[in-house]
2 protein chains.
Amino acid sequence: MQIKRYTHQNRILVAIDCIIFGFDGTHLNVLLIKRGFEPQKGRWSLMGGFVLPEENLDHAASRILKQLTGLTDIYLEQLYAFGDPYRDTVERTVSVAYFALIDINKYEEQINHEYSAAWFPLKKIPSLIFDHEEMIQMAKEKVQYKAAFHPVLFELLPEKFTLPQLQSLYEDVHNAMIDKRNFSRKILSTGLLIRQNDKERESSKKGAFYYRLDKRKYQAKFNAILNLIPNPQSLK
Amino acid sequence: MQIKRYTHQNRILVAIDCIIFGFDGTHLNVLLIKRGFEPQKGRWSLMGGFVLPEENLDHAASRILKQLTGLTDIYLEQLYAFGDPYRDTVERTVSVAYFALIDINKYEEQINHEYSAAWFPLKKIPSLIFDHEEMIQMAKEKVQYKAAFHPVLFELLPEKFTLPQLQSLYEDVHNAMIDKRNFSRKILSTGLLIRQNDKERESSKKGAFYYRLDKRKYQAKFNAILNLIPNPQSLK
DNA sequence: TCAAAAGTGTTGTCCTTACACCCATGT
DNA sequence: ACATGGGTGTAAGGACAACACTTTTGA
């Protein structure tokens, strides 16, 4: 007996919301849009959209990310499904949240005129619609946790970056000061970085060597458990 | 302007599936049901059900867990949302998977006659409907990962348990032999266990002391990052 | 008295941390 | 020449892993 449809069941809207992180050199930022549409027109929110009939959740998230940023091949990971019956004030909607880590410079090259978007440092997030603040909070904790054991923060940097840049990123994400000697030893001991011959000369007179990821080793070791921050206890 | 409903959008069934783990003293097991209903009647599957109009996802998962096991106040955590458009052969359904850790003995006291359920060791999972095998695989990896840093496996044991029991649990979950001297030192150094005065005398002549969780400290330290297994590298 | 599992301590190695000085360069 | 940030080495302490013998008791 072939069944065609489940009867007497309640169908629900399924949406995606994207927490898009970028690093401005000092702080981790989130990309938000000012809604030009109802509901809650004029307020800030995460970029989101409904899941279409023929696409899976990952595809929907990629599509929505591309719609705002123009970017593809981005680090994107499912975070959590939010399903409070009243979280969306219009109609019940289950939202599957994804977080993305992008190189903030790549974004700035793109310009999307359909949405007015802006970066906000995590400590200065404005009031958001629905449960979007909760989503960002959870995403932040997830990135923090993940970055303590996996080399995921490289996704936030350009292809060429310096150790001081990398260190500020770690310091901001973990909200801690790190000793630069210990940091460089630890990071370099992973074998993931290849030193380039040229230097970045904007932010210091001496200049700091550029590094580049060894992509083979990066992929191979991504899921390995590394110890990337001094006191994992400082996480909660 | 108040909107009443999103127009032109596609509504989807939202279901919950529960991966219920129990430990039989030797192996980690999963509780499966033999479906007495369509679709796929007669095949093994996870326990699941649709999300009802007025309940959130956690509530739906608790309800479904209780329906099968009779148990409440169980460790239950959202795992992942599965949303391939064709994963359910009847009709598109997004399933939010949860995993539960229960004391297998508590379950056996309960008898649910509506469902014929059975425990399967992880290495002997039968063929399952839809994407349920993938769900179990992901849940297994999640438990393994989580247990390496957080004292979550206690949820699988009765209130009173012995160190050898705990050790076999860790050994099975991480698929590794652990030195008992190092293991007991590490576990006891967390300060989470209180030794009882009585012994378990079934499985050895000498008898092994019972321990009990210090619930205050357990709650306090649950999210702290502990090092609970010898070589985190043995995870992948 | 023997077998079977429980319980316990020490040592060497490695990893982690704390810490201070020199280097290169632009002004 | 000096100020600024980049880059490196070492020593002490703590954590981890490897390892073997004694204890208890039921048969």
### Task
Give me a count of the residues in region A:54-98 that are over 15 Å from the mean Cα position of the chain (by Cα) and assigned to a strand (DSSP E or B).
5
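Residues of region A:204-222 being more than 16 Å from DNA strand D (Cβ to nearest atom) and either within 12 Å of chain B (Cβ to nearest Cβ) or in a loop (DSSP other than H, G, I, E, B) (or both), which ones? Give the steps one after another, and end with the answer.
At the first step, the residues of region A:204-222 found to be more than 16 Å from DNA strand D (Cβ to nearest atom) are A:213-222.
If the condition is that a residue be more than 16 Å from DNA strand D (Cβ to nearest atom) and either within 12 Å of chain B (Cβ to nearest Cβ) or in a loop (DSSP other than H, G, I, E, B) (or both), then A:Asp214, A:Ala220, A:Lys221, A:Phe222 are the ones that fit.
Only one residue in B:Ala139, B:Ala147 is of a type in the set (A, V, I, L, M), under 13 Å from B:Leu28 (Cβ atoms), surrounded by 20 or more Cβ atoms within 10 Å (Cβ to Cβ) and within 14 Å of chain A (Cβ to nearest Cβ). Which one? Give the derivation first.
Working: B:Ala139 fails: within 14 Å of chain A (Cβ to nearest Cβ).
From the options B:Ala139, B:Ala147, the qualifying one is B:Ala147.
Out of the residues in region A:154-168 that are without any contact (Cβ under 8 Å) to a residue 60 or more places away in the chain and of a type in the set (D, E, K, R), state the one that is farthest from DNA strand D (Cβ to nearest atom). Let's see the steps before the verdict.
Residues of region A:154-168 without any contact (Cβ under 8 Å) to a residue 60 or more places away in the chain: A:158-164, A:166-167.
Within this subset, residues satisfying the condition of being of a type in the set (D, E, K, R) are A:159-160.
Details: A:Glu159: 17, A:Lys160: 12 Å.
The residue in question is A:Glu159.
Test of understanding: among B:Glu171, B:Glu109, B:Glu202, B:Glu134, which residue is within 30 Å of B:Arg43 (Cα to Cα), without any contact (Cβ under 8 Å) to a residue 40 or more places away in the chain and surrounded by fewer than 19 Cβ atoms within 10 Å (Cβ to Cβ)? Step through it out loud before you land on a result.
On the way: B:Glu171 fails: within 30 Å of B:Arg43 (Cα to Cα); B:Glu202 fails: within 30 Å of B:Arg43 (Cα to Cα); B:Glu134 fails: without any contact (Cβ under 8 Å) to a residue 40 or more places away in the chain.
Of the residues listed, the single one that is within 30 Å of B:Arg43 (Cα to Cα), without any contact (Cβ under 8 Å) to a residue 40 or more places away in the chain and surrounded by fewer than 19 Cβ atoms within 10 Å (Cβ to Cβ) is B:Glu109.
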## Note on the structure
Scanning region B:173-222 residue by residue, those away from DNA strand C (no atom under 15 Å from the Cβ) and acidic (Asp, Glu) turn out to be B:Asp214
## Note on the structure
Per the filter on region A:51-81, residues at the interface with another protein chain (Cβ under 10 Å from one of its Cβ atoms), surrounded by fewer than 16 Cβ atoms within 10 Å (Cβ to Cβ) and of a type in the set (D, E, K, R) are A:Glu54
### Residue, farthest from B:Val94 (Cα to Cα), within region A:6-29, restricted to residues that are part of a strand (DSSP E or B) and within 14 Å of another protein chain (Cβ to nearest Cβ)
A:Asp17
### Query
Can you name every residue in region B:140-198 that is under 18 Å from B:Tyr75 (Cα atoms) and among the basic types (Lys, Arg)?
B:Lys140, B:Lys142, B:Lys146, B:Lys160
### Message
Checking B:Glu155 against (1) in a helix (DSSP H, G or I); (2) within 16 Å of DNA strand C (Cβ to nearest atom), only one condition comes out false. Which one?
### Response
(2)
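Just one of A:Ile225, A:Ile229, A:Ile187, A:Ile178 is in contact (Cβ under 8 Å) with a residue 12 or more places away in the chain, within 14 Å of chain B (Cβ to nearest Cβ) and either within 13 Å of DNA strand D (Cβ to nearest atom) or over 30 Å from B:Pro230 (Cα atoms) (or both); which is it?
On inspection, the qualifying residue turns out to be A:Ile225.
Each value in this text was obtained by applying a stated rule to the coordinates, not by laboratory testing. What you see is a predicted model; the values in this text were computed from it and never measured. Using ideal geometry, Cβ is built from the backbone for each residue, glycine included, and neighbour counts are taken over all protein chains shown.
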